[in-house]
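Notes for the one structure printed next.
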Amino acid sequence: YKYNPDSKEYVLQEAEGDSVVAGTEITATPKNYDGYVLNPHAEGYLASGTVIKTEDSTVPALTLKLFYDPDTNGNEIPDSWEYRLTFKVVNGNWNDDTNADVIVYVPFKNADGNAIGNVVIPDGIPTAGEKPAAGYREGKWDTTPVVGATVANDTVFTYTYEKIPDPTKYHYTINKHFYNEKDVEVKVDKGGAKSAVENTDIKDLYTANK
């Protein structure tokens with residue numbers, strides 16, 4: 001049986017049969033499946049048994065069952081015995097200029113199925129902050145991952161680069177006043193409403209509106 005993470009069920013992959021006399025001990029031979037590891041602690045697991053004859057002389061079928069769980073990182077520990085730590089980057093890249101999710105599996109059980117006392121974030125946290133996409137700048141983690149910090153479940157850490165805000169624009173109007181030789185105002189040309197970003201030099205505003 002192979003475990004299907006989507007349906008969360010074990011699905012029968014292969015079946016073999018044989019006929020033997022009562023009293024024979026049978027042992028199933030484990031197989032190698034790429035990306036999977038034998039899970040002897042799965043409910044219903046039975047790798048060996050003896051064919052018996054009951055009091056009424058019948059010989060019930062002996063069914064051996066081997067269960068295999070996904071082992072994504074090939075460390076011979078089922079994924080179901082590990083916390084999945086996912087590191088994501090948004091609006092840019094990791095500092096090494098990649099942007100794919102980084103996934104780390106941290107065992108909370110050892111290869112024998114025994115619980116590990118203190119499960120922590122290992123080395124290898126991807127770094128970010130130096131490779132924002134156009135229009136973005138250094139950002140921050142939603143939850144900062146720290147090497148050695150305790151983890152107790154599957155966790156997603158996301159680094160998001162901050163969007164650079166658009167420059168503040170201010171509205172202005174340039175009116176031109178004309179005076180005669182007696183310094184008397186004789187005409188006013190009212191300009192239309194314009195806008196400019198903060199700290200624009202006044203001379204530039206006048207030149208742009210000639």
Taking the range 1-23 as the search range and keeping residues that are modelled with pLDDT under 90 and either closer than 23 Å to residue 51 by Cα or in a strand (DSSP E or B) (or both), which one is most open to solvent (accessible area, probe 1.4 Å)? 16
Within the set of pairs 6+ apart or on separate chains, which have a first residue in the range 55-67 that is in contact (Cβ under 8 Å) with a residue 12 or more places away in the chain, a second that is open to solvent by 60 Å² or more (accessible area, probe 1.4 Å) and of a type in the set (S, T, N, Q), and C-beta atoms under 9 Å apart? 62/50; 64/27; 66/29
So, first residue farther than 23 Å from residue 82 by Cβ in the range 121-136, second residue among the small types (Gly, Ala, Ser) and open to solvent by 50 Å² or more (accessible area, probe 1.4 Å), Cβ within less than 7 Å, six or more apart or across chains; the pairs are none
Would you check if there is a residue in the range 79-88 being at pLDDT below 95, open to solvent by 50 Å² or more (accessible area, probe 1.4 Å) and either of a type in the set (A, V, I, L, M, F, W, C) or over 15 Å from the mean Cα position of the chain (by Cα) (or both)? yes
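Yes/no per residue for (1) small (Gly, Ala, Ser); (2) open to solvent by 60 Å² or more (accessible area, probe 1.4 Å); (3) in contact (Cβ under 8 Å) with a residue 12 or more places away in the chain:
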{"site": "148", "(1), (2), (3)": "yes, no, yes"}
{"site": "152", "(1), (2), (3)": "yes, yes, yes"}
{"site": "186", "(1), (2), (3)": "no, yes, no"}
{"site": "196", "(1), (2), (3)": "yes, no, yes"}
Subset of the range 27-49 [open to solvent by 70 Å² or more (accessible area, probe 1.4 Å) and out of contact with any Lys or Arg (no Cβ under 9 Å at 6 or more places or on another chain)]: 27, 29, 30, 31, 32, 34, 43
Residue 73 passes all but one of (1) polar (S, T, N, Q); (2) within 30 Å of residue 138 (Cβ to Cβ); (3) open to solvent by 20 Å² or more (accessible area, probe 1.4 Å); which number fails? (2)
Quick check: is even one residue across the range 39-54 within 21 Å of residue 110 (Cα to Cα), in contact (Cβ under 8 Å) with a residue 24 or more places away in the chain and either hydrophobic (A, V, I, L, M, F, W, C) or in contact with a Cys (Cβ under 7 Å, 6 or more places away or on another chain) (or both)? yes
Pick from 100, 115, 128: which is modelled with pLDDT of 95 or more, among the small types (Gly, Ala, Ser) and open to solvent by 50 Å² or more (accessible area, probe 1.4 Å)? 100
One residue is enough: does the range 81-88 have a residue meeting the conditions touching a helix residue (DSSP H, G or I) at 6+ places or on another chain (Cβ under 9 Å), in contact (Cβ under 8 Å) with a residue 12 or more places away in the chain, under 30 Å from residue 143 (Cα atoms) and not in a loop (DSSP other than H, G, I, E, B)? no
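The values are calculated or read from the model by the stated rules, or taken from the named source; none is laboratory data. Quick caveat: nothing in here was measured; it's all calculated off a predicted structure. When we count neighbours, we look across all protein chains shown, and the Cβ atoms used for this are built from the backbone with ideal geometry, even at glycine. Note: accessible area is taken over every heavy atom of the protein model, side chains too, but ligands, DNA and RNA are not part of it. Shrake-Rupley method; radii C 1.70, N 1.55, O 1.52, S 1.80 Å.
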